[in-house]
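First the structure, in the form of structure tokens, and then the observations on it.
Rule-based calculations on the coordinates, nothing more; no lab input. In this text the structure is predicted, and so the values were computed from the model without any measurement. Cβ coordinates were reconstructed from backbone atoms using ideal geometry, including for glycine residues, and neighbour counts include every protein chain displayed.
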């Protein structure tokens, strides 16, 4: 299996790269992912897995939560790309790096029922080329879940991206007009740019704080789940909240991002 070190550090478009400086960190990420994948999945009892397995579109999109002083709060959004690898923004991972040493714990969860269905985050890494600008084409990070969750679908990625002018579904757990976050919402947006940096204009809604890492997904005619987990981008930033805003993201079909995701084990279609 390919090392995540080679995935994040040695981009396919860069010749003669040196893995030594980042090797230990990403080797450990790979070990963590392999160990977690070997464990039995966490099984959701009482039939509640139907929340995402039967009728909830885009069920591969989940959330990243933090626990501080016994209270869990929403942090970011993301999407499952293998049974134990959760794709999100690098700036979300940067937040984890800064706060984990203070004792903050992190969890990955799915579904539409508040803070249920969570698995602890075991380790994480951000793309070393991330610089924190807006838009940043390297605003990509990965979180290793301590185990998989039974019945949660894994997202695939559209190999050829999506054309400008097309509608996409943007799913996130960020703030709503009242200010609360942690509730799963869907906005329909129009693609305005699909180069290395991805941008979208509001159509029936927009993004806000907490939607970072949210899945930008291929629009499906039938909202009842079939073919509803094909990613084209990750939401990363915006000009404001809600209607009338522009959102920016990471184009997952861009060659230097797609090659990374393929080597991570993501499925393209």
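Rank by packing, highest mean first: peptides 211-219, 92-100, with packing defined as the count of other Cβ atoms within 10 Å averaged across residues.
Numbers: 211-219: 27.6, 92-100: 18.1.
Result, highest mean Cβ count within 10 Å first: 211-219, 92-100.
Report the FRET efficiency, 1/(1 + (r/R0)^6), for residue 120 and residue 268, where r is their Cβ-Cβ distance and R0 is 35 Å, rounded to 0.05.
That pair, residue 120 with residue 268, gives E of 0.75.
Could you give the nm distance between label points at residue 73 and residue 31, where each point is 7 Å from its Cα heading toward the beta carbon?
In this crude label model, residue 73 to residue 31 measures out at 3.3 nm.
Taking 0.36 nm per residue of sequence separation and subtracting the Cα-Cα distance, how much length would be gained by fully extending the chain between residue 133 and residue 98, in nm to one decimal? Don't jump to the answer; show the numbers that get you there.
Details: separation 35, 0.36 × 35 = 12.60 nm, distance 1.81 nm.
The span from residue 133 to residue 98 would gain 10.8 nm if fully extended.
Just rank 81, 31, fewest to most, by other beta-carbon atoms within 10 angstrom.
Fewest-to-most ranking of 81, 31: 31, 81.
Kindly put 122, 269 in sequence by how many other C-beta atoms sit within 10 Å of each C-beta, fewest to most.
So the ranking, lowest neighbour count to highest, is 269, 122.
Taking neighbour Cβ counts within 10 Å as the exposure measure, how do 145, 189 sort from fewest upward?
Exposure proxy ranking, most exposed first: 189, 145.
Suppose the chain between residue 150 and residue 105 were pulled fully straight at 0.36 nm per residue; how much longer would it get relative to their current alpha carbon spacing?
The span from residue 150 to residue 105 would gain 14.0 nm if fully extended.
Label points 7 Å out from Cα along the Cβ direction at residue 193 and residue 239: separation in nm?
Calculated label separation equals 1.1 nm.
In nm, to one decimal, how far is the modelled label at residue 259 from the one at residue 159, with both set 7 Å along Cα→Cβ?
Result for the modelled spin labels: 1.7 nm.
Using the Kirkwood radius built from alpha carbon pairs, what does the Stokes-Einstein equation give as D for the stretch 70-113 at 4 °C and 1.567 mPa s, in µm² per second?
In µm²/s, the coefficient rounds to 110.
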